[in-house]
Amino acid sequence: MENFIDEYYVVNPNYVLRHDEKRSIIVDKIHKNDQINSSDNFYSFIHPYHAEFLSLFNGSRTVYEAANHFSFLKKINLTDCVNFISKLIENKNYYEISICDSNLYFPQNLLVKKSNCDTFHNYDKNDFSYSSLDFKTKRLHFPLYITYMVNTKCTTDCIYCYADCRERKGRGISKKNLEKLFHEIDKYKLAYFNIMGGEFFLDNEWEFIVQELIKIKVTPIISTKMPISNKIISILEKNKINEIQISLDSINPSVLKKLLKLNGEKYIEAMKQTLNELTKANFRIKINSVITKYNDSVDDVKSLLDFLSEFSITQQIVIPAGFTLYKPSVFMPSVKNIQLIKDFLHSYKENYKFSISLSDYAKKEEFFMKKTDKENAFNRRALCTGNINQIYILPNGDVTLCEGLMFNKAFIMGNVNNKSLKEIWDENKCAYLMNQSVHKGSICGKCIDFESCHSEKGVCWKLSILAYGDENFHFPDPRCPKAPKLKNKLYIN
């Protein structure tokens, strides 16, 4: 047999294996070790046998020992076990198999040498037991992605804010209930737990939240827009948090004053100090920059990138500001200037040590193209993952489908102060949205394609309420060729 069978390999730490009762899942993590190659935005069901086999690669066995052990347990030919696992060792491409009329995928570089990893997962092979198989049902038995909006307090008043922060309120989930929530989450493996606000660091007990998550081996993704002190950085270090996401839109003080409604000069000086200290502490820093009509110039973006190059930035995402229900929409950038920025980034991004990307944005043609083109585009839309594998926890403890829906009562599934997250998920109160009678008064209420449209890829509820208002949540996705005229201008022009 080949030499690799005597080597020690482990499941790539950039992936998570999780069982889901009648199938198992492989998904890529948001927090990644950039030194180890992996597939981005990967998600696939796999057979529980495959997950159980992979769980044996925990650093304690050679490839031969793991294959031999699995062969003995499942009475499968040893050579077949070795041949299968060889396809997943430092594989450069996806590996695909077909089971029960379903295509199952394995990501690239799934098994990597133990010597190349500082940390790796320890899975229990007994976690992957099952009584029947189901690779068709999209909705998971527990969310894989959770975002927690801690509060609606901020140190800024951003003119483009998409969140409903019109009332500034603190955390509405007690420490006791947070402990219960985190204890429950500990039973499941998440792809990410995202913490945001408002402003997370304005919570008086933010350290407690971090500590509780670390206890259950969940490294939270923390987002902030405020300059943070050395004390905060030290606390994060103590809790082994070494990555943070910071929003910084410009280094031009006058622009910052317009965008954030604060003293731009003091803000940028304080943020420079923060980035300096984070760099000294070897933090991995991700930057989000929202582009409006006040900073949609190549010069402004270039000055920001040059400024960021002085620090340990790992990633910078440029985000064209989009329509919001909660602020006057007088801030959106122009398509022409966004295209100039896009061209600049394409030509010059190699000059910077960190990765740079431009987020997608709503374009006029998405809503006004020819009917046949619109039909084709709508059929190619991405799957809506709200109530499929993700949930969003609001400051008061309400659980909703995604961050774009905020406090809209039509999408509230329950409250973690009153019930467990599993109970809320299993009750699935938002399943009523699949009842066509709920959509009376909308074109969806009479559409012959209602069931396939809503049960397959689903609609973007966020776009529906942005386009037609909170009260018209039952209206179609505005990208649908049958959708009525937009009430609100969502696109940039």
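The values are calculated or read from the model by the stated rules, or taken from the named source; none is laboratory data. In this text, all values refer to a predicted model and were calculated from it rather than measured experimentally. When we count neighbours, we look across all protein chains shown, and the Cβ atoms used for this are built from the backbone with ideal geometry, even at glycine. With ligands, DNA and RNA removed, areas are computed over all heavy atoms of the protein, side chains included. Shrake-Rupley method; radii C 1.70, N 1.55, O 1.52, S 1.80 Å.
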**OP:** Starting from the Cα of Lys485, draw a straight line to each of the aspartates and glutamates and keep only those under 19 Å, dropping any in the same chain fewer than 8 residues away.
**Re:** Glu365, Glu366, Asp373, Glu375, Asp470, Glu471, Asp477
Subject >> Dipole-positive endmost among Ile448, Ile76, Asn122 within the chain (Cβ charges, Cα centre) >> reply: Ile448
Original post:
In terms of Cα to Cα distance under 17 Å, which aspartates and glutamates are near enough to Lys419, apart from those fewer than 8 places away along the same chain?
Top reply: Glu179, Glu184, Asp186, Asp398, Glu427
**OP:** Just tell me which aspartates and glutamates come within less than 14 Å, Cα to Cα, of Lys92; anything on the same chain fewer than 8 places away is out.
**Re:** Asp40
Subject >> Kirkwood hydrodynamic radius of the range 340-493, Cα pairs, Å >> reply: 17.5 Å
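Run the numbers on the range 149-253 and let me know its relative contact order in percent, using alpha-carbon pairs under 8 Å that are six or more apart.
29 percent
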Subject >> Accessible area in square angstrom per residue, the range 177-224, 1.4 angstrom probe >> reply: 41 Å²
**OP:** Only helical DSSP H runs with n ≥ 4 go in: add -39500 (n - 2.57) per run for the chain, normalise by residue count and round the 222 nm mean residue ellipticity to 500 deg cm²/dmol.
**Re:** -8500 deg cm²/dmol
Original post:
Using a 1.4 angstrom probe and counting only protein chains, how large is the accessible area of Lys349 in Å², to 10?
Top reply: 80 Å²
Subject >> Tail weight of P(r) past 42 Å, computed on alpha-carbon pairs of the chain, percent >> reply: 21 percent
**OP:** Using a 1.4 angstrom probe, figure out how much accessible area the range 1-89 has per residue, in square angstrom, rounded to the nearest whole.
**Re:** 43 Å²
Subject >> Computed FRET value (nearest 0.05) for Ile448 with Asn428, which takes r as the C-beta separation and R₀ as 35 Å >> reply: 0.90
**OP:** Calculate, in nm to one decimal, what Lys409 and Lys353 gain on full extension: separation in residues at 0.36 nm each, minus their alpha carbon distance.
**Re:** 15.7 nm
Subject >> Accessible surface of the chain, 1.4 Å probe, proportion on carbon and sulfur as whole % >> reply: 47 percent
**OP:** For Glu265, Glu184, Glu366, Glu21, give the ranking by accessible area with the largest first, probe 1.4 Å.
**Re:** Glu265, Glu21, Glu366, Glu184
**OP:** Compute the distance in nm between two label points, each set 7 Å from the Cα along the Cα-to-Cβ direction, one at Thr137 and one at Arg168.
**Re:** 4.6 nm
Original post:
Given labels modelled 7 Å from the Cα in the Cβ direction, how far is it in nm from Asn122 to Tyr94?
Top reply: 3.4 nm
Subject >> Shape call, the range 1-144: gyration tensor on alpha carbons, a/c limit 1.5 >> reply: oblate
Subject >> Gain on full stretching of the segment that runs from Ser437 to Asn33 - 0.36 nm per residue minus C-alpha separation >> reply: 140.6 nm
**OP:** List, in the order given, every pair from Lys74/Lys136; Lys138/Lys189; Lys286/Lys363; Lys169/Lys261; Lys217/Lys353; Lys29/Lys429 whose Cα-Cα distance in the structure shown is over 23 Å.
**Re:** Lys74/Lys136; Lys286/Lys363; Lys217/Lys353; Lys29/Lys429
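Multiplying the sequence separation of Ser129 and Glu65 by 0.36 nm and subtracting their Cα-Cα distance, what value in nm do you get?
On the way: separation 64, 0.36 × 64 = 23.04 nm, distance 2.13 nm.
Extra length available between Ser129 and Glu65 comes to 20.9 nm.
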**OP:** For the chain, calculate the relative contact order in percent as a whole number, restricting contacts to Cα pairs under 8 Å that are 6 or more residues apart.
**Re:** 13 percent
Original post:
Say R0 is 22 Å: what FRET efficiency, to the nearest 0.05, do Lys238 and Asp186 get from their beta-carbon distance?
Top reply: 0.55
Original post:
Can you give the charge dipole size of the range 285-335 about its Cα centre, rounded to the nearest 20 debye, using +1 on the beta carbon of Lys and Arg and -1 on the beta carbon of Asp and Glu?
Top reply: 240 debye
Subject >> Overall form of the range 320-373 per C-alpha gyration tensor (a/c, 1.5; a/b vs b/c) >> reply: oblate
Original post:
Relative contact order of the range 320-390: what whole-number percent is it, with Cα pairs under 8 angstrom and at least 6 residues apart?
Top reply: 25 percent
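Taking only protein heavy atoms into account and a 1.4 Å probe, give the accessible area per residue of the range 341-426 in Å².
The answer is 52 Å² per residue.
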**OP:** Just check the range 389-474 against the gyration tensor rule for me: Cα atoms, a ≥ b ≥ c as the square roots of the eigenvalues, rounded for a/c under 1.5, and otherwise prolate or oblate depending on whether a/b exceeds b/c.
**Re:** prolate
